[in-house]
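This report refers to the structure that appears directly beneath it.
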Amino acid sequence: MSEQKTIAGFSKLSKRGKIRWIVENFYKDPETVFNELVSFWHPKEDQQKVLDGFSENTISNFPLPLGVAPNFMINDKVYLVPMVIEESSVVAAASAAAKFWFSRGGFKAEILGMKKIGQVHFVWKGAFEKLKSHFALLKEQLILNAKPITKNMEDRGGGIADIELVNLSDKIPDYFQIKAGFHTCDSMGANFINSVLENFATTLASFFISNDQFQGQEKDVRIIMSILSNYTPENIVRVTVSCPIPELYDEKTIPNPEEFAEKFFTALQIAHVDPHRATTHNKGIYNGVDAVVLATGNDFRAIEACGHTYAARSGQYSSLSYCSIEGGLFKFWIDLPLAVGSVGGLTSAHPIAKRSLEMLGNPGAEDLMKIIGAVGLAQNFAAVRSLVTTGIQKGHMKLHLSNILTQFGATEAEQQQVEKYFEDKVVSYSSVREYLEEIRKQG
């Protein structure tokens, strides 16, 4: 194996050339790894070209399973929901929760806001009051100069929602922002927002040059950066499930609905006061959210970053979901910031993302938010239900069994024997290994 670990001009190599250099420098069995990486290329060259266009220095594809969760009734409409995730039991849990609530009224979803945020960060060494007194004129100029960019979005019902001047000089000397709100209709709108913000920055710089009131102070302003914020606390979906406590009864999982409701309520209280529990609690929500976000070609990293910031908006990280028991009614809901799109970007370019959206009936951004929020709430309900009843590991490890068997290289006959053996037993990595060893000794 060569000692060469660095390379100049790597991006200029062909895809096979990139793989060849990698396997010869980082692997003990170059030919096996080379063939394995090539084996995951899409068999259709045009489809592979599409996938390669999503990133840089691509050498292969990293497949993830696309599953579906049926029976999601959201605002009296039934959906089959696509989910891309590699963690066992997530799709099954979402499906089970969807089925549970289907006969209890389903999920009710509403949009609380659709505003996204962008900022121009700048330094101003002059007097704030002077800048503030001229801001109305500057604002007018910002909107006017951005018209060529905003016109198409305005024609679709979106555009700039508001613009404000933010003074943060008490935190960083001479630091200010132009903070703008945007409505981007059915697109996520990142490119649109960033284009408008960069136009704002140009207008801001020229404003100090062209305005006589700031003569001689042109150098007192310095643009630092112009960028959208992935924190969207005014782009919120609320999803709720509720029913009278006796209707929570389920022969297998909730034989005592009153006890279950109290334990569930207490579990939610814990997630609101203990950040350690809240982190795992919210991770469960994002098991469902991210799976649908990925399936529809949206940005799960931005959505998670936003959600976790929102969960800490009070100054302490806390649960994103809530529970109440009042007048004999069990109510469970979530308020989730979700900046997603159903047109543009990967939603239109990725062939499977397009099929996922088609499966959902080609929803607009608002309906997609409702679907994603419902899956997040379903996932959360399933996890907490397991925690306060049978425990999380029983169901999770049974679904994880196939992964364990794959790791041990079990034959089809061995898999069938092991699955039958563990039908009424607790699954663990060590117990499966031991039983497989027994089978193989006997065979």
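The values are calculated or read from the model by the stated rules, or taken from the named source; none is laboratory data. Just so it is clear, the model here is predicted, and its values are computed rather than measured. Note: ideal-geometry Cβ built from the backbone for every residue, glycine included; neighbour counts use all protein chains shown.
Residues in the range 162-195 that are hydroxyl-bearing (Ser, Thr, Tyr) and within 21 Å of Leu144 (Cα to Cα) were compared, and the one that is surrounded by the fewest Cβ atoms within 10 Å (Cβ to Cβ) is Ser195.
Among the residues of the range 327-378, which ones are in a helix (DSSP H, G or I) and of a type in the set (S, T, N, Q)? Of everything in the range 327-378, those that are in a helix (DSSP H, G or I) and of a type in the set (S, T, N, Q) turn out to be Thr347, Ser348, Ser356. Evaluate the range 147-161: report whether one residue or more is over 22 Å from Ala339 (Cα atoms), part of a strand (DSSP E or B) and either at pLDDT below 95 or assigned by TED's automatic domain parsing to the domain that holds Ala180 (or both). No, the range 147-161 has no match at all.
So in the range 1-60, with the set limited to residues that are more than 27 Å from Ala349 (Cα to Cα) and among the aromatic types (Phe, Trp, Tyr), which one is surrounded by the most Cβ atoms within 10 Å (Cβ to Cβ)? In this case the residue turns out to be Phe34.
Cys323 fulfils the conditions (1) within 16 Å of the chain's Cα centre (by Cα); (2) in a strand (DSSP E or B) except for a single criterion, (1).
Examine the range 79-101 for a residue that is under 29 Å from Leu387 (Cα atoms), in contact with a Cys (Cβ under 6 Å, 6 or more places away or on another chain), modelled with pLDDT of 95 or more and not assigned by TED's automatic domain parsing to the domain that holds Phe208, and state whether such a residue exists.
Within the range 79-101, not a single residue is under 29 Å from Leu387 (Cα atoms), in contact with a Cys (Cβ under 6 Å, 6 or more places away or on another chain), modelled with pLDDT of 95 or more and not assigned by TED's automatic domain parsing to the domain that holds Phe208.
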